[in-house]
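Here the structure comes first, spelled out in structure tokens, and everything after it is commentary.
The values are calculated or read from the model by the stated rules, or taken from the named source; none is laboratory data. Remember, it's a predicted structure, so these values are computed and weren't measured experimentally. Note that each Cβ is placed from the backbone with ideal geometry, even for glycine, and that neighbours are counted across all protein chains shown. The protein model used for the area step is the full one, side chains on, heavy atoms only, and it has no ligands, DNA or RNA in it. Shrake-Rupley method; radii C 1.70, N 1.55, O 1.52, S 1.80 Å.
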Amino acid sequence: VPAWLVWNSLSEPRRITLTASSGPTDCVLPDGSLVSLNRGATIIYPEVFSDHERPVEITGEACFDVKRDTRRPFVVSAGEVRVEVLGTVFYVESGSAERPASVVLTSGSVTAYLSGDKKNGVLLNPGEEAVLSEAERSVSKHPLEDPNRLAWKTRRMVFEDAPLGDIVLLLNEVYASS
């Protein structure tokens, strides 16, 4: 028994992997934070968070509603992109070969940066988006301009003089297999 207790206290916590294969999927993390994964997104997180931080890894697109904890920052890794928060609501898209990663803040504040370059990160305010390019090692922020950027989660869409093809494409993205 003592050997098991020592081994158990020194070993890494089991990592959990969740993929939203057929449509948006919600999950509750060990600290009570809520995560919504868009179709095709994956999250990996420890079964138990450490006393120092709450790390998670994602690919694809996810919405986080993070429980406030000033002792343990919540850190999202999406490739080279890092997002660090204490408690807030934000969206992360890990990016792809065609488009860079992005972070959209809806409440609170977050810091977005590239791995190993926290000093050149940006602090976002609600309604702002950070665009992070791993290839160019650049981080920029600007007001969120696309009112439909978060439609997969909110199910709210705005169209003004939009071509029918664009409307159908967004409707398919939001409601296909949901």
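A few points about this structure:
- Peptides 115-127, 157-169, 99-111, 74-86, ordered by how many other C-beta atoms sit within 10 Å of their residues on average, highest first, read 74-86, 99-111, 115-127, 157-169.
- Between helix 164-175 and the chain: long-axis angle, C-alpha atoms, 0 to 90°, nearest 10: 20 degrees
- Taking every alpha-carbon pair in the stretch 89-178 and binning the separations at 10 Å intervals from zero gives 15, 41, 31, 11, 1 percent.
- Backbone geometry of the stretch 20-33 corresponds, through the Karplus equation with coefficients 6.51, -1.76 and 1.60 at θ = phi - 60°, to 3J(HN,Hα) couplings of 8, 7, 9, x, x, 10, 9, 8, 10, 7, x, 8, x, 5 Hz, x marking Gly and Pro.
- Residues whose placed amide H lies under 5 Å from that of Gly79, excluding near-sequence neighbours: Ile58
- Solvent-free Debye scattering, log10 I(q)/I(0), computed from the Cα coordinates of the chain at q = 0.14, 0.20 Å⁻¹: -0.78, -1.43
- Average accessible area per residue (Å²) across the stretch 1-149 - probe 1.4 Å, nucleic acids and ligands excluded: 53 Å²
- A crude spin-label estimate for the pair Thr154 and Ser133, with each label 7 Å from Cα along the Cβ direction, gives 2.7 nm.
- Of all accessible heavy-atom area on the chain, the percent that carbon and sulfur account for (1.4 Å): 53 percent
- Cα-projected label distance for Asp117 with Val48, points at 7 Å along beta-carbon direction, nm: 3.7 nm
- Estimated from helical segments only, the mean residue ellipticity of the chain at 222 nm is -4000 deg cm²/dmol, where each DSSP H run of four or more residues counts as -39500 (n - 2.57).
- Amide H partners (placed H, <5 Å) of Glu129, local residues excluded: His142, Leu144
- Whole-number percent relative contact order across the stretch 1-146, with pairs defined as alpha carbons under 8 Å at least 6 apart: 14 percent
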